[in-house]
1. Of the peptides 340-349, 232-241, how do they stack up when ordered by the mean number of other Cβ atoms within 10 Å, highest first?
2. Using the Cβ atoms and a cut-off under 13 Å, what net charge is assigned to the surroundings of Y406, where Lys and Arg are +1 and Asp and Glu are -1?
3. What ³J(HN,Hα) values, in whole Hz, does the Karplus curve 6.51 cos²θ - 1.76 cosθ + 1.60 give for the stretch 342-347 when θ = phi - 60°, with x put for Gly and Pro?
4. Would you check the accessible area of L214, probe 1.4 Å, heavy atoms only, in square angstrom rounded to 10?
5. Given the protein chains as shown and a 1.4 Å probe, how many square angstrom of K436 are accessible, to the nearest 10?
6. On the full set of protein chains, 1.4 Å probe, figure out the accessible area of H242 and give it in Å² to the nearest 10.
7. Which loop-located GluC sites (Glu not before Pro) does the stretch 160-234 contain, where loop means any DSSP state but H, G, I, E or B and the Cβ has at most 12 other Cβ atoms within 10 Å?
8. Ordered by packing density, taken as the mean number of other Cβ atoms within 10 Å over each peptide's residues, highest first, how do 258-265, 91-98 rank?
Amino acid sequence: MQVTELNDVKVYNLSAGKSLPQFLEEARKNNKSLRYNEDFRRRIDIIQDFEFNVTCGRVRVSPDGTYLAATGVYPPEVRIFDTRELGLKCSRGLHCEVVDFMFLSDDYRKLVYLLEDRTVEFHAQSGFHHRLRVPKAGRSMAYDAETCTLLVGGSSNEVVRLDLEVGTFVSPIPMKDLGEVHQVAVNPKLPVMSCAGDKGIVESYDLRDTTQRLRSLQVCNPDTTDGGGHVTCCAYSPNGMHLAAGTSSGLVRVFDLRSSKPLAARDHMNGFAIRSLSFHTRGSESTDLLVGSADSKSVKIWEATTGKIAATVESPNTINSLTFFPNSGMFFTANDTTRIGVYFVPALGLAPPWCSFLDSMTEELEETSKKVVFDDYQFVTTDELEQLGATELVGTKYLQPYMHGYFMDNRLHGKLKAAMDPFRFEEYRKERIRQKIDAKRTMRTRVKTNSKAVVNNTLHRELQVAAGEGDLEGASKKRKAAADRAKRLLAEDRFKNLFEDPDFAIEDKAQREASASAPLAEALSKKSKKAAVVDCERHLLWVATAQRSAAQRSSQDMP
């Protein structure tokens, strides 16, 4: 699901992203499970298999709102979906591509198809019923329920009529000014038929008397560039009082049947022809009348009386037709792609009954904070862009201009910074390792030097260290208990004098031992002096004795 917003009106694209077969094919090729694929888990499939092999041409809603029918290729086929089952009910093959089709009954039991080979096919509940050919190639069909007449307009100046009650052709309705008919529209309240064609006019006829033209409405001037020369499509409002006409240059005008002056106009401003027109109401009880116009690239929904835009959708693929689900905020687009476009706009109305869960889902998305467009982007100025060496990216999809700089994807910004400073990551890695090592050193002693104690500084510092170690991560119970005791001791006023009054100063152990051993040291010193005198006297006596004995021996030896 993709969300776009314009003028605070949000449009939910329910068909954005890949389909289920595409997810399965990608998972098979890559040999990966879809269990952890966020895109797969967040996908929304309103109707199963709501797609074709190549393209889709038309989408229609049954009058009772129970069935959806769509035509596409290749091969040419029609698929009918049951909204009660949210899946495919049946698929029918055709021998040629479908130009236009419509429901003839309230459900899928009666349908009619206009094919490219001038064939009109009727289908019943069981399948194909009858086939016939019209004189000229058809472009549009309309059905008058009052007279049970099918009207076919095409590449001629006549509108072919088929009486379905009798089963015969009725005399065609010749156009007075039109050379060809692009679309036929029947008023739902009045017996009036209008035909849009070339020369910039819309011709209207009374179905009770088709010999005389009611009036010709000049939508645009074919001789100027105002609106182009062809009226490509037209449509009546549900109350039958308004007519909308689209031109080949993308201009849409809304008229009141009682006046030839347009009530409102809206230009798509892209030069593409209008391909589909439809009126819509916000609900069964709402009186607001809206117009939905689609060209090949965009859908615009606006107010029929003022022209004020209500919602807009841009499509990357070519749009073939636009269809609203009645009295709801959902509409469908037939595109030149495999998936049929499904859009939901809460501002246009509630979700259809068969998918009412969309209301609660969108309300939850409104309440929750969503990621804005530039959450994953980095803003860079022109100077920073030059420093990164990425000035060549200006004008590409990688830079989004904003104010005085650009928005760049965060991943691209990181890669450019890494390329500019290749050693930055190594420094970052070393810093992260150092932080992790410091975080694990919870038992390391951390000394605080902001001690304000006058006396007993050592005790005050030890208590501060003990109090700080208890707050460290991973501290033991013993350390936490010691920290609590230290904090209480530092905080209580009765122990304040312990760190302020010199009378409470605590002597160190070395000082106490030195004062206690002073008399003993003095006594030892006196004893050592006496011992030294005695030893000296003994030494002198020994020397004198040795000298006397040596003199006696020398006298005896003399003759």
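The values are calculated or read from the model by the stated rules, or taken from the named source; none is laboratory data. Worth saying up front: this structure is predicted, and the values here are computed from it rather than measured. Glycine also receives a Cβ, built like all others from the backbone with ideal geometry; neighbour counts cover every protein chain displayed. Each accessible area value is taken on the protein alone, full model and side chains, heavy atoms only, with ligands, DNA and RNA left out. Shrake-Rupley method; radii C 1.70, N 1.55, O 1.52, S 1.80 Å.
1. The packing order, highest mean first, is 340-349, 232-241.
2. Spelling it out: positives minus negatives among the neighbours equals -4.
3. 10, 10, 10, 10, x, 5
4. 90 Å²
5. 120 Å²
6. Rounded to the nearest 10, the figure is 30 Å².
7. Sparse-neighbourhood loop GluC sites (Glu not before Pro): E165.
8. Ranked by mean Cβ neighbours within 10 Å, highest first: 91-98, 258-265.
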